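Structure record follows, encoded as C-alpha cells.
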Amino acid sequence: MVRRSMPILKRFLTSPAFNLTSTRSVTYMPRPGDGAPRAVTLIPGDGIGPLVTGAVEQVMEAMHAPVYFERYDVHGDMKRVPQEVIDSVKKNKVCLKGGLATPMGGGVSSLNVQLRKELDLYASLVNCFNLPGLPTRHQNVDIVVIRENTEGEYSGLEHEVVPGVVESLKVPSLIDPFL
C-alpha cells in the first residue's frame with residue numbers, strides 16, 4: 001500500500017498547487033464582521049482525540065486563523081458533561097471535540113449521547129468529494145452523507161442481554177415519515 005501511494009504523494013507534493021515556498025503570512029479568507037478572533041470550545045477527549053485536536057490547533061495557528069480555543073478536559077469516564085462545557089458550546093456555537101470513551105453495558109449513558117441530546121444534535125453531515133490534482137479510484141465524487149444521531153444505537157437505549165451481546169432499542173418519533 002505504501003509503495004503504491006508514494007509516487008502519488010510525491011507527484012502531489014511537487015505540484016504547483018502545493019507550494020511550500022509561499023511567502024504569504026495569512027492564509028485564511030476573512031469572514032464578514034468585525035474581524036475579532038472567534039471562540040471555539042475545545043474538548044480533546046480520550047484515545048487519539050487529543051492528538052487529532054492538537055493537530056487541528058497547530059494547523060489553525062500556522063494559518064493564522066482568527067480563532068482561539070476554550071479548552072475543557074472532559075473524559076468518557078465522567079458521569080456527566082459539566083454544565084460550563086455545555087454553556088461554552090451554546091455561547092460559541094462551535095466545538096471541536098475528540099472522541100470520548102463510551103462505557104459498555106450497565107445502563108450508563110455515554111457523554112457523546114448526552115452532548116447530542118443536550119445540544120439537539122440530531123444529524124451528522126459528512127461531505128465527501130475529490131480534491132483537484134489528487135488521483136483517486138473514483139472520479140467526480142461529490143456527496144453528502146446524513147446520519148441520524150438520535151435513534152437506534154445512537155439513542156443510548158441499549159442493554160447487555162448476555163455478556164458481549166448488546167441490544168439497542170429503536171423508539172420511533174411522532175414525526176418519523178417511515179411509520
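The values are calculated or read from the model by the stated rules, or taken from the named source; none is laboratory data. These numbers come from a predicted model, not from an experiment. Every residue, glycine as well, gets a Cβ built from its backbone with ideal geometry; the counts of neighbours run over all protein chains shown.
Name the pairs whose Cβ atoms lie under 8 Å apart, with the first residue in the range 137-163 and under 14 Å from residue 122 (Cβ atoms) and modelled with pLDDT under 75, the second of a type in the set (A, V, I, L, M, F, W, C) and surrounded by 13 or more Cβ atoms within 10 Å (Cβ to Cβ), and 6 or more positions between them or separate chains?
Close Cβ pairs (under 8 Å, with a partner that is of a type in the set (A, V, I, L, M, F, W, C) and surrounded by 13 or more Cβ atoms within 10 Å (Cβ to Cβ)) amount to 149/121; 154/113; 155/113; 156/113.
If I ask for residues that are among the hydroxyl-bearing types (Ser, Thr, Tyr) and under 9 Å from residue 43 (Cβ atoms), which ones from the range 71-104 would you list?
Selection gives 72 alone.
Taking the conditions exactly as written (at pLDDT 95 or above, surrounded by 10 or more Cβ atoms within 10 Å (Cβ to Cβ) and not in a loop (DSSP other than H, G, I, E, B)), does residue 9 satisfy them or not?
No; evaluated as a whole, the condition is false for this residue.
Tell me which residues, restricted to the range 47-85, are at pLDDT 95 or above and among the basic types (Lys, Arg).
71
Are any of the residues in the range 109-116 under 18 Å from the mean Cα position of the chain (by Cα), at pLDDT 80 or above and of a type in the set (D, E, K, R)?
yes
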